[in-house]
Amino acid sequence: TEVMGLSERRYRRKMFDIGTHTQYRTVVLVFLASALIALMGHINAGNLKVTEGDLTISTDKEGFRNLPDRRLTIAMVTDLHLGRLVPPGTLAYALELIRPYNPDILLFPGDILDDHAGLDRPKMKELIAGMTPRYGVWASLGNHEYHSGNVEDSIRILEESGIKVLRDETVVIGNAFLLAGRDDYSRDRIVRQPRKSLKEMLAGASLNSR
């Protein structure tokens, strides 16, 4: 019986021992790293925080002179990944965090959506409508707007929610500054449409036009 038990233990050890097999170790390490990154991402997604920054600009633009106290408050919310795994409550929480700042303009610079099928569109529209920044709500596309489905569907969902999408475009805001929205690099890779360079995108842009 002892001999049989010893043989069985050796067999099991041989069967499950990854030893010096580098490929097995690599698989295990990649799996553990992926699980850790996913866990950290989930924790961070549920612990949103506001980061403040002040920027002073010397300008004689009339638009800035007409601002109360000559100040402009910009709120930016990024990487929400709304969809099946991230409910509208996350968007509601993010907007409640910035509401006390009474932002003049609200920006969503990419990765707002993660999928279309699990997205609560009416709730998203309702939440955006509850924000009334004087210079509107704007977005540029991230790679997830391409990966979540047809990018045109992503744009339609955002715009139906009250978010204006800029794709390699500029717009004059308050006759004071240019807002530029550059498309994600996924545009070239997924839909085979090269995005503009910054120089091309800004060519002809002027504060003298509305």
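For the range 119-210, report the accessible area per residue in Å² (1.4 Å probe, heavy atoms, rounded to an integer).
55
In nm, what is the difference between 0.36 nm times the number of residues separating Ala33 and His116 and their Cα-Cα distance? Spell out each step's value before the answer.
Values: separation 83, 0.36 × 83 = 29.88 nm, distance 2.79 nm.
Once the chain is fully extended between Ala33 and His116, it gains 27.1 nm.
How big is the accessible area of His147 in square angstrom, nearest 10, if you roll a 1.4 angstrom probe over the protein chains?
Rounded to the nearest 10, that gives 100 Å².
Could you pull out which residues in the range 151-174 have an amide N less than 13 Å from a spot 7 Å beyond the Cα of Glu200, following the Cα-Cβ vector?
168-169, by backbone N distance to the label point.
Please report the carbon-and-sulfur percent of the accessible area for the range 81-210; probe 1.4 Å, protein heavy atoms only, DNA, RNA and ligands left out.
That fraction is 50 percent.
Just the projected area, averaged over all directions, of the convex hull on the alpha carbon atoms of the range 89-210: how many nm²? Working shown, then result.
Details: hull surface 31.2 nm².
Projected area, direction-averaged: 7.8 nm².
How much accessible surface area, in Å² rounded to 10, belongs to the heavy atoms of Arg189 with a 1.4 Å probe?
In the full protein context, Arg189 sits at about 120 Å².
The values are calculated or read from the model by the stated rules, or taken from the named source; none is laboratory data. Please read all numbers here as calculations on a predicted model, not as lab measurements. All Cβ positions, even for glycine, are placed from backbone atoms using ideal geometry, and neighbour counts span all protein chains on display. Note: accessible area is taken over every heavy atom of the protein model, side chains too, but ligands, DNA and RNA are not part of it. Shrake-Rupley method; radii C 1.70, N 1.55, O 1.52, S 1.80 Å.
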